[in-house]
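Asks: Take a look at this one; I'll ask things after.
The values are calculated or read from the model by the stated rules, or taken from the named source; none is laboratory data. Remember, predicted model here, so these are calculated numbers, not experimental data. As a convention, Cβ positions derive from the backbone with ideal geometry for all residues, glycine included, and neighbour counts pool all protein chains shown. Protein only, heavy atoms only, side chains kept; ligands, DNA and RNA dropped before computing areas. Shrake-Rupley method; radii C 1.70, N 1.55, O 1.52, S 1.80 Å.
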Amino acid sequence: MDRLATWISRLFGAALLFLSGFVALETVLRKAFNTSLQGADELGGYILAFGAAAAFTVALIDRAHVRIDVLHRRFALSVQAWIDLASVLSLGLLGLFFLYVGWGVIADTIAYKSTAATPWRTPLIWPQAAWYGALALFAVAALWLSLRALMLVARGRIRQVAAEFNPKSAEEELSEELDQLHAR
Amino acid sequence: MTIIDILLGFTVMMGLLLIGLPVAVVMVALGVAGGMILYGPVLLGSMGPVLWGVSNESVLTAIPLFILLGELLLRSGMADRMYGALSLWLGRLPGGLLHTNIGSCALFAATSGSSVATAATVGTVALPALGERGYRPDRSLGSLAAGGTLGILIPPSVNLLVYGSLASVSVGQLFVAGVIPGLLLTALFMVFVTGESLWLRRRGLSDAARPEAEVPLEAKLRGLLHLIPAATVFAIVMGSIYLGIATPTESAALAVIVALLFVWREGRLSFAFLDTCFRQTAKTTGMILLIICAAFTLNVTLALGGITGTVSAWVAGLGLTPVALLFALMVFYLILGMFMDVLSMQVLTIPVVVPIVTAAGIDPVWFGIFVVLMSELGMITPPVGMNLYVVQGVRSDGGPFSDVVKGAIPYAVLMLAFTALLIFWPGLALWLPRSLY
Amino acid sequence: RVMGQPVATGLIQKTVEQPFFENFAEETGLDLTADYQPVDVTGIKDTEQLRILKGGLFDIVSLRLSQVSRDEPAILGLDLVGLNPDYATGKRTVEEFAPQVDARLQEKFNTKLLGVWPFGPQVLFCEPEIASLADLKGLKVRVYDQNLANFISLVGGTPVPLGFAEVQQSLARGVVDCAVTGPSSANSAGWPEVTSYMMPIAFQLAMNGYGINLDTWNKLSPEEQEKLQAAFDRLTDRIWTYSEELFVDAVSCNTGGETCETGTKYDLTLVEPSQADIDLIGTAVTDVSFPAWQETCDAVSPDCSASWMETVGMHYQF
Ligand code: NA
Ligand code: NA
């Protein structure tokens, strides 16, 4: 899972750097040489659509999806475990929901052969397929993790559930930050 | 939809949030449930286009770019060296290194999109030096926690971007509007540190065991070199937006490229370095964008169901003056900010509150600054105050959490007072963006 | 349920469209009320309008034709660059080609087209001095879509796509030299403060239309359908007339003319288009905008441009 997150992040980061270069070039050319590459906006939109959907999975693996833990951490450990299970499962269901409503978008785009009204006239199915694939990855990853949480709860390994599925507390997040600070 | 139904919905939502379910899930679930009750399954057909519409919104592309920018500057160690440089300049003022804390936070705030990263970095560099020189823990910790919140007011600011996208307000204008309040709040914090130090000295209580030694001017000037990266990045971002050369997304892209050049010049550019930056950027982006997608899904139901309208009408029926309305909102955000993290607070309130305040004749750009100030406040109010935990976590002397809270209280009071000032003198935020036209 | 034009689009939305739907029963003579919501208030993007209308979440949508052409390029055939130099020609185009658009919408989007109307001529504003379209050579011109971008490139200008909200500032800072929009929108957005010349030559008429979900339509009895269609005919006629009045008044406002009722008075220099300019825009149809559109449109349905040639295309020499 960690490897998966690393590779998604690399892809995402590289896409952002490429976009930065392209947009910066476009901006400078426009200002200095009166020419316009065009399409920077459009490219940014597609990279965000795919990148954000892919990043859902990274946030999932890094337990970064926002949960309010003010009461949660005061509950008994077994109650916490059940809520954690419900949380990860609910993210999986959210993923399925995205796939369900997203399918309508894909189906329409195919039926209408929709193309962006832009210089590139991008057939929308390309960026939308990438976006949909990333959403599917998120749904599968969340359901896979729910399965793991369910097995842990069923076997009564409550502590491990807490260790793997609790919302990351400020302390944990900080200690990671500090480790990285000391490493440089 | 009556106001009672809406309150019922709100209560259910708060309950689900407080037991610790993911905020995004709760929002989507409520949006879908509400929409099904009001409209039936046709609503679901509209959710897909909305979801694609948000994901494909080129304005939001600025969010991952600014996050990446902050990561590049932070993890290359440029922020650490800024602290040293500033301490040469500010260390001998009454209050000494505490000014450096606030000054570094303000400077770093300008380049980083996040307050937690700001507080953690500056705190790690600052606290050993502060302890060594015998500063009172509560004063040190308070200045760090509060200084760290400046990150979301002084642009670039991810929080202002989120506000802009949810309230359909120009992000460029919001960034420009954040500059003067950000600088004034920084100055206000520094005035407070100076005043407190002078007062302590008069009462015979020293504020620092050992004052800083005089530094030769040459060393001071050499120190300025370390401020160049941050200053350049800030100048690029704000300059290109202010001069109208670039949109916020374009300015972010330019700044990322320049920051990358700085990192390369420092000899820090490596695959491991980029890996860390990318992972953090992806994680934070995923977290923020999922919440934004959820917020837009919920908004469809809120708008179509006339919920926003009902709440607006109800508030309008109270017959509050704009000033009274804003003070009521201040109390509302103060309380909400105690228990909620800042991003959740923003996405849940903005879609409903912004129509109310614009109906009352309040400028939505100004209100963006107001909301971000209230979010800053939320970061240093217990029990859920991200910056308090961060600063407590960074200290190594093992003192009690109450030190941090005690030290942060005066700054919280200052923020409230500053917000009140902004209410009576909206020009503080609006003068600069207005001067653009 | 009705989705309207964005609030920010100005007077037509505020003084004609919104009142019509707020007094829906009275206007149509039917026992129906409309829950009217401007598209920007709903948080739904205007590019998604046709999909939303097909889904049935809204019964009637005030369609922004240029934006929704993403899903149905045939729509653009109503308003190619240069096709409608004035209101009379625009009306003729709509009469000839709207039935084809309607047929496509019925077939693909379960939507009936109730009427088409224009925001009004999209004209040119410039800061540097211009005397004719030929002077656009080497200048940066704000465009709002690809159709217009192609034309600007044809005359040697650099098209810069910008959102409406950014244009005023961009003109002030010299990011662009010229910009194209309707004179009334330009007036309310303060463009005359940052430009000096205005050439009232219509690149496009900025067409919009009303679509109704067919399920909703078919639930009505034939008499009700007749009444509804008649009411929308009256509404679109009203908008055609109002749009033209607004255009005349706004041109007058911008150029310091005698009358100015709908805006702020400015003193732009009016650059009357020469016959050469009008001919140049006319050739845009045959040289740029039709060929580009033909390619996109026929890719979606092979007979798309043929039906245009049989009607609107009759007036041109290809
Ligand atoms: Na910042
Ligand atoms: Na708080």
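Asks: Could you please tell me which pairs satisfy a Cβ distance under 7 Å, a separation of 6+ or placement on different chains, a first residue in segment B:347-373 that is closer than 27 Å to B:Pro22 by Cα, and a second residue that is open to solvent by 30 Å² or more (accessible area, probe 1.4 Å) and of a type outside the set (A, V, I, L, M, F, W, C)?
Replies: B:Val354/B:Pro364
Asks: What residue, among those in segment B:5-35 that are more than 28 Å from the chain's Cα centre (by Cα) and buried (at least 19 other Cβ atoms within 10 Å of the Cβ), is nearest to A:Leu94 (Cα to Cα)?
Replies: Checked segment B:5-35; the qualifying residue nearest to A:Leu94 (Cα to Cα) is B:Val32.
Asks: Does A:Leu94 satisfy being within 8 Å of chain B (Cβ to nearest Cβ) and open to solvent by less than 20 Å² (accessible area, probe 1.4 Å)?
Replies: On the way: within 8 Å of chain B (Cβ to nearest Cβ): yes; open to solvent by less than 20 Å² (accessible area, probe 1.4 Å): yes.
Taking the combined requirement at face value, the residue satisfies it.
Asks: I've got another one for you. Can you tell me which of (1) more than 10 Å from chain B (Cβ to nearest Cβ); (2) β-branched (Val, Ile, Thr); (3) open to solvent by less than 30 Å² (accessible area, probe 1.4 Å) is the one C:Thr33 doesn't meet?
Replies: (3)
Asks: Name the one entry in C:Val81, C:Val61, C:Val101, C:Val116 that is open to solvent by less than 20 Å² (accessible area, probe 1.4 Å), assigned to a helix (DSSP H, G or I) and of a type in the set (Val, Ile, Thr). Write out each step before concluding.
Replies: Details: C:Val81 fails: assigned to a helix (DSSP H, G or I); C:Val61 fails: assigned to a helix (DSSP H, G or I); C:Val116 fails: assigned to a helix (DSSP H, G or I).
Sole residue among the options that is open to solvent by less than 20 Å² (accessible area, probe 1.4 Å), assigned to a helix (DSSP H, G or I) and of a type in the set (Val, Ile, Thr): C:Val101.
Asks: Any idea how many residues of segment C:141-163 are within 14 Å of chain B (Cβ to nearest Cβ), outside any loop (DSSP other than H, G, I, E, B) and either out of contact with any strand residue (DSSP E or B) (no Cβ under 7 Å at 6 or more places or on another chain) or crowded, with 22+ Cβ neighbours inside 10 Å (or both)?
Replies: Here is the first cut: in segment C:141-163, the ones within 14 Å of chain B (Cβ to nearest Cβ) are C:142, C:160-163.
Checking the rest, the ones that are also outside any loop (DSSP other than H, G, I, E, B) come to C:142, C:160-161.
Adding the requirement that they be either out of contact with any strand residue (DSSP E or B) (no Cβ under 7 Å at 6 or more places or on another chain) or crowded, with 22+ Cβ neighbours inside 10 Å (or both) leaves C:142, C:160.
Here the count works out to 2.
Asks: For B:Ala303, indicate whether it is over 18 Å from the mean Cα position of the chain (by Cα), in a helix (DSSP H, G or I), away from ligand 1 (no atom under 16 Å from the Cβ) and surrounded by fewer than 22 Cβ atoms within 10 Å (Cβ to Cβ).
Replies: Working: over 18 Å from the mean Cα position of the chain (by Cα): yes; in a helix (DSSP H, G or I): yes; away from ligand 1 (no atom under 16 Å from the Cβ): yes; surrounded by fewer than 22 Cβ atoms within 10 Å (Cβ to Cβ): yes.
Judged against the criteria, B:Ala303 is a match.
Asks: Going by the structure shown, is A:Leu43 closer than 30 Å to A:Leu94 by Cβ, open to solvent by 10 Å² or more (accessible area, probe 1.4 Å), at pLDDT 85 or above and more than 7 Å from chain B (Cβ to nearest Cβ)?
Replies: Taking the combined requirement at face value, the residue satisfies it.
Okay, residues lined up against (1) away from ligand 2 (no atom under 16 Å from the Cβ); (2) open to solvent by less than 10 Å² (accessible area, probe 1.4 Å); (3) within 14 Å of another protein chain (Cβ to nearest Cβ):
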| position | (1), (2), (3) |
| --- | --- |
| B:Thr100 | yes, yes, no |
| B:Cys105 | yes, yes, no |
| B:Ala117 | yes, no, yes |
| B:Thr121 | yes, yes, yes |
| B:Thr124 | yes, no, yes |
| B:Ala129 | yes, no, no |
| B:Tyr135 | yes, no, no |
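Asks: Let me ask something else. If you take the residues in segment B:357-386 that are within 16 Å of ligand 1 (Cβ to nearest atom) and under 20 Å from B:Leu184 (Cβ atoms), which one is farthest from the other protein chains (Cβ to nearest Cβ)? I'd like the intermediate steps shown before the answer.
Replies: Taking segment B:357-386 first, the residues within 16 Å of ligand 1 (Cβ to nearest atom) are B:368-369, B:371-373, B:375-376, B:379, B:386.
Now narrow it down to the ones that are under 20 Å from B:Leu184 (Cβ atoms): B:368-369, B:371-373, B:375-376, B:379.
Working: B:Gly368: 15, B:Ile369: 19, B:Val371: 17, B:Val372: 18, B:Leu373: 21, B:Ser375: 14, B:Glu376: 17, B:Met379: 11 Å.
Among those that are within 16 Å of ligand 1 (Cβ to nearest atom) and under 20 Å from B:Leu184 (Cβ atoms), it is B:Leu373.
Condition check ((1) outside any helix (DSSP H, G or I); (2) away from every other protein chain (no Cβ under 12 Å); (3) near ligand 1 (Cβ under 10 Å from one of its atoms)) across all residues:
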site: B:Pro156; (1), (2), (3): yes, yes, yes
site: B:Leu166; (1), (2), (3): no, no, no
site: B:Leu183; (1), (2), (3): no, yes, no
site: B:Thr186; (1), (2), (3): no, yes, no
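Residue by residue, here is whether (1) buried (at least 19 other Cβ atoms within 10 Å of the Cβ); (2) modelled with pLDDT under 85 holds:
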| site | (1), (2) |
| --- | --- |
| B:Lys220 | no, yes |
| B:Ala230 | yes, yes |
| B:Val237 | yes, no |
| B:Tyr242 | yes, yes |
| B:Ala246 | yes, yes |
| B:Ala255 | yes, no |
| B:Leu261 | no, no |
| B:Arg265 | no, no |
| B:Phe271 | no, no |
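Asks: Mind checking which residues of segment B:273-295 are buried (at least 24 other Cβ atoms within 10 Å of the Cβ) and of a type in the set (S, T, N, Q)?
Replies: Matches in segment B:273-295: B:Gln280, B:Thr281, B:Thr284, B:Thr285.
Asks: Okay, next question. Every residue in segment B:241-264 that is touching a helix residue (DSSP H, G or I) at 6+ places or on another chain (Cβ under 8 Å), more than 18 Å from B:Gly164 (Cα to Cα) and not in a loop (DSSP other than H, G, I, E, B), please. Reasoning before the result, please.
Replies: So in segment B:241-264, the residues touching a helix residue (DSSP H, G or I) at 6+ places or on another chain (Cβ under 8 Å) come out as B:241-242, B:244-260, B:262-263.
Filter once more, so that each one left must be more than 18 Å from B:Gly164 (Cα to Cα): B:245, B:253-260, B:262-263.
Matches in segment B:241-264: B:Ala253, B:Leu254, B:Ala255, B:Val256, B:Ile257, B:Val258, B:Ala259, B:Leu260, B:Phe262, B:Val263.
Asks: I need a count of the residues in segment C:12-41 that are within 29 Å of C:Pro121 (Cβ to Cβ) and either among the aliphatic types (A, V, I, L, M) or in contact with a Leu (Cβ under 6 Å, 6 or more places away or on another chain) (or both).
Replies: 5
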